[in-house]
Every structure is written in C-alpha cells, then in structure tokens.
Amino acid sequence: MYVLYHHPFSQHVRRVVALMAEAGIDYDIRPVDLAAGEHMSPAYLKINPNHQIPTLLDGDVKIHESNAILRYLAAKHHLDDWYPTDLARRAAVEQWLDWGQCRLGPAVVDIVFNKVFAGERGDKSAIERGEAKLAELGPILEAGLRRTPYLTGDQPTIADLAIWSNLFHLTLADADPKSPNITAWLGRMMARKGVQQALPPRPAAA
Ligand SMILES: N[C@@H](CCC(=O)N[C@@H](CS)C(=O)NCC(=O)O)C(=O)O
C-alpha cells in the first residue's frame, strides 16, 4: 500500500490525490501538520530533507516532488491516457508540467500564501509580484486552451492535474484568471469525480 504524506490545503498534494482518485489507486494518508512545524521535525526530515509535502512511499521507493510522483504513478500503473506514450504528446505534457513548476507555481504561492494563509504576516510586495507574474502567465494558459478542451488534447493528462491544482489554489484567493478558456477548462476539471475527491474540506457552516 502506498503511503502519502499529506495536508488538505497543499496544492502539490492535491494533484497527487486527484490522480490516485481518478485511477482508483489506494493509499494510506499520513497527515503532516505544517502549522505545528511537523515538516521540520527530525523524523520528517529523514523522509524528505526539503521539509515539503507530498512525499510518496512505495515500499522501499521514496519520492518527493509532486510532478515526479505523478509521473511515477502514471508509469507504474500504465495510465497512458494520463501520461501519453506518444512522444509529441508526452513532450507537450512535460512542457506544461515544467511550466507549472517553474513559471506558474511561484506566482501562485506568492499570491495565495500571503493573501489567504499568512494572515497579518502577509507580504504585500509578494502579492504584487505574484499578481504581475500572473497577469503575464494567464494569457499564456488561456492561449494554450484555445484549440482543445484540455491542455494537450481531448483528454486530461497529469499536466492538467498539476496546473488545475494551482488554479484551484488561486480560487481560494479569488485570484484565478477569469478568461473564457480557463474558466471553461476549470469547470471541466472540477466536474471530475477524482478531482472532487481531492478538494479540501469545506468550512463548517456557521
Ligand atoms: N516542488 C515541490 C513543492 C512542494 C511544496 O512547496 N509543498 C509545500 C506545501 S504546498 C510545503 O511542504 N511547504 C513547507 C516548506 O516548504 O517548508 C513539489 O512539487 O512537491
């Protein structure tokens, strides 16, 4: 049985949970209390010296980096729709995965961490930096969704899960780009059963 180190508000965990739910892969959850600093504990640092979640254990195999986990699971379970074997399509998937990590991800962290999770400590200049970056990146994503319902074709891949988890995170700050292709794609992603299972718990009604 897989073991997944987890936090319900992590966008990086969320993409892994979504793939496992979509593919019907079972796993045990190990919650990591980020607010209490559990990710900095010597016990967790032995599991992931980068003090980050997710980490996936598969027997003796230990993997961190959410996109590496997506690739591993897709390859191990032969999820060829999620991680196409055709070279050109795979290259497009890899491109969006890396774009998400290198370009979009830092802007999302700047905005959402500081607007939603940091409370009074929220760094206004980081929010401005993130918003300026997002103003550049939103149109790139919008154009990427112009021709096909998902990023690389008619079916979603692990690239859609990775980028979706970032876009969902932006919705927590009401900062997601509201352009038509992104909005329609976000709706298609949110309607998926596995994706639904990866959403954070709703706050209890007052
Ligand atoms: N590149 C990593 C980023 C993971 C990451 O930033 N995780 C956050 C939670 S969303 C975390 O654990 N932060 C705690 C820290 O960096 O100390 C991945 O894709 O898995």
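The values are calculated or read from the model by the stated rules, or taken from the named source; none is laboratory data. Here the structure is a predicted model, which is why all the values come from computation and not from measurement. Neighbour counts run over all protein chains shown; Cβ positions are idealised from the backbone, glycine included. SASA here: full protein model, heavy atoms, side chains in, ligands and nucleic acids out. Shrake-Rupley method; radii C 1.70, N 1.55, O 1.52, S 1.80 Å.
Structure data summary
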| read-out | value |
| --- | --- |
| Partner aspartates and glutamates for K178 [C-alpha distance under 12 Å; skip if fewer than 8 residues away on the same chain] | E142 |
| Dipole magnitude of segment 2-76 about its Cα centre (Cβ charges: Lys, Arg +1; Asp, Glu -1), debye to nearest 20 | 180 debye |
| Only Lys, Arg (+1) and Asp, Glu (-1) charged, at Cβ; the chain dipole about Cα centre in debye | 200 debye |
| Beta bridge orientation in the chain: antiparallel %, DSSP, nearest 5 | 60 percent |
| HN-Hα J in Hz across segment 162-175 - Karplus 6.51, -1.76, 1.60, θ = phi - 60°, x for Gly and Pro | 5, 6, 4, 4, 6, 5, 4, 4, 4, 5, 5, 9, 6, 10 |
| Computed [θ] at 222 nm, deg cm²/dmol, the chain (DSSP H ≥ 4; -39,500 (n - 2.57); rounded to nearest 500) | -15500 deg cm²/dmol |
| Segment 107-189, accessible surface, carbon-and-sulfur percent (1.4 angstrom probe) | 54 percent |
| Of all DSSP beta bridges in segment 1-110, antiparallel share, percent nearest 5 | 60 percent |
